[in-house]
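The values are calculated or read from the model by the stated rules, or taken from the named source; none is laboratory data. Quick caveat, the model's predicted, so the values are computed rather than measured. Counting neighbours? That spans all protein chains shown, and the Cβs are built from the backbone with ideal geometry, glycine included. In case anyone asks, the SASA skips ligands and DNA or RNA and just uses the protein heavy atoms, side chains included. Shrake-Rupley method; radii C 1.70, N 1.55, O 1.52, S 1.80 Å.
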Amino acid sequence: MSVRHALLALLSEGPKYGLRLREEFEAGTGQVWPLNVGQVYTTLQRLERDGLVAAAVSGGGADEATEPGPQKAYRITEAGAKELDTWLRTPPDLSAPPRDELVMKVLVALKVPGADVPEIIQAHRRYLVELMQQWTHIKEDGDPADLNSGLAIDAELFRLDSVVRWLDAADARIKRAKADAESPFATRATPAGDNPNDERPVPNGPWPLPRLRGNSRQEVRTTQR
């Protein structure tokens, strides 16, 4: 999550104080991501250093009474507006898989003698399903007109659902591998669409593509573009 760009977006509406920026950030993200006021001021200082925002000593105002530290109202600069527009239009770099702790636990469990990997997977799955239920309750109890909160919770529900589906796929793959190892004459069949080396359309644009060692097909396709 880019706090600096979120603050630039809030400042694009007009000059604001640090405390107000924190309040609007939390309200704008559906209260899903709390933000420490110290982080707000640290980020604003860096944005000011980079010429993306400008600050002026306040002459007083309704927000000033509750503002900690130097009373400054911040505004976005022309360079800040250009930086914000570029960030909004540039896809995030998702080409390198993140070091997901849950994925690492499953991979490590495969190497631990005596580890009941299917049970480990199911333990994590139960926890994720419970989380999804809690988020669903929060969504149902919330204000349907709160667009920001609804979108943020939907994003979290979709993320958790994708992890649950990965756990299901991992459980099935591990069980197939075990069955193949125990039955050397069994036919090994890969379900359609389950092969990571299946041809995929290469997206247009100067965006990063998957970086995996030994993925010669990807390297060839990238070279041919």
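Of the peptides 3-10, 147-154, the ranking by mean beta-carbon count within 10 Å, highest at the top, reads 3-10, 147-154.
Taking the charge dipole of the range 103-192 about its Cα centre, with +1 at Lys and Arg Cβ atoms and -1 at Asp and Glu Cβ atoms, the residue from Y127, G114, S162 reaching farthest to the positive side is G114. Amide hydrogen proximity for A73: with H placed 1.01 Å from N in the peptide plane, the residues at 5 or more positions away or on another chain lying under 5 Å are A56, S58. Taking all protein chains together, M104, M132 sort by accessible area into M104, M132, largest first [probe 1.4 Å]. Protein-only accessible surface at a 1.4 angstrom probe places the residues E130, E156 in the order E130, E156, largest first. Taking 15 Å as the straight-line reach from the Cα of K72, the aspartates and glutamates in range (excluding those fewer than 8 positions away in the same chain) are E48, D63, E64.
For the peptides 138-144, 13-19, the ranking by mean Cβ contacts within 10 Å, running from highest to lowest, is 13-19, 138-144.
Could you tally the net charge around P118, taking each other residue with its Cβ under 13 Å from the Cβ of P118, Lys/Arg +1 and Asp/Glu -1? Intermediate results must be reported in sequence, preceding the final value.
On the way: positive: R125, R126, R173, K175, R176, K178; negative: D116, E119, D168, D171.
My count for the surroundings of P118 gives +2.
Accessible area of W166 (1.4 Å probe, protein heavy atoms only, ligands and nucleic acids ignored): about 90 Å².
Can you tally the net charge around L128? Count Lys and Arg as +1, Asp and Glu as -1, for every other residue whose Cβ sits under 12 Å from the Cβ of L128. The answer is 0.
What the range 86-177 shows is 72 Å² of accessible area per residue, with the surface traced by a 1.4 Å probe over protein heavy atoms. Partners of K175 within straight-line reach, counting lysines whose Cα lies under 25 Å from its Cα and excluding those fewer than 8 residues away in the same chain: K105, K111.
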